[in-house]
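Let me begin by presenting the structure, written as structure tokens, before commenting on it.
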Amino acid sequence: MKQRFADRIAVVTGGGSGIGKAVVAQLIEEGATVYSLDVHEQQGIVSPQCIPVRIDIADVQAVKDWAVTLDRVDHLVNAAGVIRSRPIERITEEEWDTVFGVNTRGLFFVIQALAPLLTPQTGSVVNVSSVGAISAVNTDAADYHASKTAVLSITRSWARALAQSGIRVNSMLPGLTETPLLRGAYVSKGAGDGALEEQYAGVPLQRAATPEEISRSIVFMLSSDAAYMTGASMNVSGGAVIV
Ligand SMILES: NC(=O)c1ccc[n+]([C@@H]2O[C@H](COP(=O)([O-])OP(=O)(O)OC[C@H]3O[C@@H](n4cnc5c(N)ncnc54)[C@H](O)[C@@H]3O)[C@@H](O)[C@H]2O)c1
């Protein structure tokens, strides 16, 4: 196993489940010490290199108060995200604000709070967007997709802002990935048994990604293997969106 992150300090939001949890595990395996941030109690990864932090990233003041307790951060992965699926006509203002509060506003202010701590020349950030940011994959989560398109813009702005310090900022656009978030979205729209499996069959590679497959691409962008990549977005969707 490569040790691309030996002695590095990483922060992963949404580290308690799915894609974020897979990123935490891989970074630890490659030598990093990881602050795993999640709004829920975390279970599963037991390691002296994993420091769970219970925090709601939509609470900007709480994030700022926590950030001042740190000395330095080498890598940041913004994987925390929320989705609800229902007809576009029924999306409420409250739901819109909740989705943007986490996926967009929360993500932006996590970067702002940690940017001064990022290590010049080797620091890097990956923001988890979605292929729904660049294609109307469905209309049942229009608020979610809009929040993820904003993540691409936020990525470009921070990439420019931090480039003079040699800090890189990129976006990952996963397609269907087998996680509790995806299952939950199908439950919330009342889709019957087998609906998700039907979606998987429609992907050109005919299956969903595992969280680990998405995590490996995120960790690649985070690492010095992607040293000349900034402001970019990587589509990892099994061919579901080909542009
Ligand atoms: N699963 C997919 O098919 C898919 C596809 C495209 C993009 N994504 C994106 O990937 C990211 C990870 O999603 P996942 O599928 O692993 O979901 P998940 O639900 O398994 O994990 C998301 C984690 O974020 C945490 N979280 C939610 N709100 C938070 C908040 N306010 N503060 C701190 N933590 C919070 C949750 O508690 C959860 O542990 C999300 O940004 C999601 O939008 C997922």
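The values are calculated or read from the model by the stated rules, or taken from the named source; none is laboratory data. Please read these numbers as outputs of a predicted model, since none were measured by experiment. Backbone-built Cβ (ideal geometry, glycine too); neighbour counts: all protein chains shown.
Residues of the range 20-44 being small (Gly, Ala, Ser), surrounded by 17 or more Cβ atoms within 10 Å (Cβ to Cβ) and either more than 12 Å from the ligand (Cβ to nearest atom) or closer than 22 Å to residue 118 by Cβ (or both), which ones? I'd like the intermediate steps shown before the answer.
Looking only at the range 20-44, we keep the residues that are small (Gly, Ala, Ser), and these are 20, 22, 25, 31-32, 36, 44.
If we keep only those that are surrounded by 17 or more Cβ atoms within 10 Å (Cβ to Cβ) as well, we get 20, 22, 25, 32, 36.
Correct list: 20, 25, 32, 36.
For the range 57-69: of the residues being hydrophobic (A, V, I, L, M, F, W, C) and under 30 Å from residue 227 (Cβ atoms), which is nearest to the ligand (Cβ to nearest atom)? Even if it seems obvious, please write down each step before you answer.
Filtering the range 57-69 down to residues hydrophobic (A, V, I, L, M, F, W, C) leaves 57-58, 60, 62-63, 66-68.
Filter once more, keeping what is under 30 Å from residue 227 (Cβ atoms): 57, 63, 66-68.
Values: 57: 4, 63: 9, 66: 11, 67: 14, 68: 18 Å.
Per the criteria, the residue is 57.
I'd like the full set of residues that are within 15 Å of the chain's Cα centre (by Cα), among the small types (Gly, Ala, Ser) and over 24 Å from residue 182 (Cβ atoms), limited to the range 4-38.
10
Scan the range 86-143 residue by residue and report those that are among the polar types (S, T, N, Q), within 16 Å of the ligand (Cβ to nearest atom) and touching a strand residue (DSSP E or B) at 6+ places or on another chain (Cβ under 8 Å).
Scanning the range 86-143 gives 127, 129, 130.
Taking only pairs six or more apart or across chains, which ones have beta-carbon atoms under 6 Å, a first residue in the range 187-212 that is under 11 Å from residue 176 (Cα atoms), and a second residue that is aromatic (Phe, Trp, Tyr) and outside any loop (DSSP other than H, G, I, E, B)?
Short answer, once both residue conditions are applied: 196/186; 207/200; 208/200.
How many residues are outside any loop (DSSP other than H, G, I, E, B) and either of a type outside the set (Lys, Arg) or without any contact (Cβ under 8 Å) to a residue 24 or more places away in the chain (or both) when one looks only at the range 140-185?
The first filter runs over the range 140-185 and keeps only residues outside any loop (DSSP other than H, G, I, E, B), leaving 142-163, 168-174, 177, 180-185.
In the following step, the residues that additionally are either of a type outside the set (Lys, Arg) or without any contact (Cβ under 8 Å) to a residue 24 or more places away in the chain (or both) were identified as 142-147, 149-155, 157-159, 161-163, 169-174, 177, 180-185.
Adding up the residues that qualify gives 32.
Give the range 190-217 a look and list any residue that's under 24 Å from the mean Cα position of the chain (by Cα) and hydrophobic (A, V, I, L, M, F, W, C), or say none.
196, 203, 205, 208, 209, 214
Might you let me know whether the range 183-199 holds any residue that is within 11 Å of the ligand (Cβ to nearest atom) and touching a strand residue (DSSP E or B) at 6+ places or on another chain (Cβ under 6 Å)?
Narrowing the range 183-199 to residues within 11 Å of the ligand (Cβ to nearest atom): 183-186, 196, 199.
Those left that are additionally touching a strand residue (DSSP E or B) at 6+ places or on another chain (Cβ under 6 Å): none.
No, every residue in the range 183-199 fails to be within 11 Å of the ligand (Cβ to nearest atom) and touching a strand residue (DSSP E or B) at 6+ places or on another chain (Cβ under 6 Å).
Somewhere in the range 192-208, is a residue closer than 24 Å to residue 108 by Cα, at pLDDT 95 or above, assigned to a loop (DSSP other than H, G, I, E, B) and among the polar types (S, T, N, Q)? Break it down into steps so the answer makes sense when it comes.
We begin by selecting, within the range 192-208, every residue closer than 24 Å to residue 108 by Cα; these are none.
For the range 192-208, residues closer than 24 Å to residue 108 by Cα, at pLDDT 95 or above, assigned to a loop (DSSP other than H, G, I, E, B) and among the polar types (S, T, N, Q): absent.
Among the listed residues 54, 72, identify the single one that is among the basic types (Lys, Arg), within 11 Å of the ligand (Cβ to nearest atom) and loosely packed, with under 15 Cβ neighbours inside 10 Å. Reasoning before the result, please.
Values: 72 fails: within 11 Å of the ligand (Cβ to nearest atom).
Unique residue meeting the criteria: 54.
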